[in-house]
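Okay, structure first, notes after.
What follows is calculated from the coordinates using simple rules that are stated; it is not laboratory data. Everything quoted here is computed from the prediction, not taken from an experiment. Methodologically, a virtual Cβ is constructed for each residue, glycine included, from the backbone with ideal geometry; neighbour enumeration extends over all protein chains shown.
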């Protein structure tokens, strides 16, 4: 017996393929079976993976629990160095292609901003922790950017996808950090949150708001990246790129919806209605993208899917923060009034 | 050993989504749900490698995850743990309730939108959330749920019935 309405909705709560791959790697010490592209450094990476596999056996044998527990550690915690030096190094080492490495660095850059949020929420984002976090953020963000640039020509779809997801998440998480800092009663936390948030938002050229206006909803860096790809004349390549982004946008959108569901008990009726409207707008973009793709206009399709991905990634990040911190985080970040719709656009 | 790993990899592919979903429904924190799902597989894999006996893998995985979730509650939310304990202490009262109207309640809840039903489910106390998720989302029988939570089939049926009633009240105040 199942309740079909409940089951159907709950089945949208899934692990993403990246999360499954990371889990497989942690469990079995091997790369995901879906990564079939051979590495140009096969010999090196094979040997290196054998070393890593040996290391992972050690992790499984004794330190597995420590390693797993370190996942939620924050700067200043005993396990934080394990998280940075062990868990994350393993993640990077196991990423075999430039695109997957870019993705890992992007996730780690975003993780630093989320850690700053957690410290800000507890009123203990001190200057030393901020310096460490922003240095590590810069390092990962730069690696991600360099790797994205290196694949921009050969794999434009992945390049736009990674940049869009990262920069949109950073735009939202930077804004959340600022908002948490503003609420803090600790003066040092307030200053440091503001300073780090400015750095993050500047990195993506974002205003720190999620607006209903189409252009304004996209961080400037995403728009620039997208225009670079769209300026290419190779239609077939853009068609592939559009399909890649469509799949990614659908996945991130599903994640955002799951967060929306989880956050629902903390939201008032107005915010719920506003968010539902935002999800409706994203559904519309996805539909538009499919129509354009069907009509052979891959550039228009790419534009719609990228925008859908950008909005979904921002909503997902803000909703995630709403669930974690259970405050009125959403309200200052959501801008629905027409007179604000031009802010943030180029 | 290779066979064991292959079996375990198949089990991972078959059950990772449902275990993660179950953890996410209980914890309301996606990141922690991912970490606990991974730790669950890791612990069971370690146990299997050491030659531990696992008769039925799926309930074994759920039981392991359940322990991790309870540890998480204990670590983070002492208040919720008390609430959980109260729920369990209440089972003598539950056992007195007739479990016969479940079909009617199921039909009533089926009429609601899935998003609303899921949101309402997440507002229920954890013991009901656990029983209803396993029953109506993962499709396990009360007997199978009993094996996971370490209680009799009858106690599980009564909890499901009572959870359905509470769910309906939330959906149709």
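For A:140, B:22, which order do you get if you count the other beta carbons within 10 Å of each Cβ and list the fewest first?
A:140, B:22
Using a simple spin-label model with points 7 Å from Cα along the Cα→Cβ vector, what separation in nm is obtained for residue B:4 and residue A:127?
5.5
Quickly work out the residue B:143-to-residue A:187 label distance, labels modelled 7 Å from Cα along the C-beta direction, and quote it in nm with one decimal.
For residue A:187 paired with residue B:143, the spin-label model returns 6.9 nm.
Assuming 0.36 nm per residue, please report the length gained on full extension of the stretch residue A:138 to residue A:77 beyond their Cα-Cα distance.
Taking 0.36 nm per residue and subtracting the Cα distance, the gain is 19.8 nm.
When B:54, B:109 are ordered from fewest to most other Cβ atoms inside 10 Å of their Cβ, what list results?
Ranking B:54, B:109 by Cβ neighbours within 10 Å, fewest first, gives B:54, B:109.
Quick one: if you stick a label point 7 Å off each Cα along the C-beta vector at residue A:150 and residue B:172, how many nm between them?
According to this spin-label approximation, the distance is 6.1 nm.
Which whole number gives the average count of other chain Cβ atoms within 10 Å of the Cβ atoms across peptide B:32-44?
5
Mind checking B:3-16 for the average number of partner chain beta-carbons within 10 Å of each residue's beta-carbon? Please report the intermediate quantities before stating the final value.
Details: counts 0, 0, 3, 0, 0, 2, 5, 0, 0, 5, 3, 0, 0, 7.
Taking the mean over all residues of the peptide, I get 2.
So how far, in whole Å, is the C-alpha centre of the stretch B:111-168 from the one of the stretch B:12-30?
16
Order of A:311, B:50 from fewest to most other C-beta atoms within 10 Å?
Details: A:311 27, B:50 8.
The order, fewest Cβ neighbours first, is B:50, A:311.
What is the mean number of Cβ atoms from other protein chains located within 10 Å of the Cβ atom of each residue in peptide A:10-22, rounded to a whole number?
Counting other chains' Cβ atoms within 10 Å and averaging over A:10-22 gives 5.
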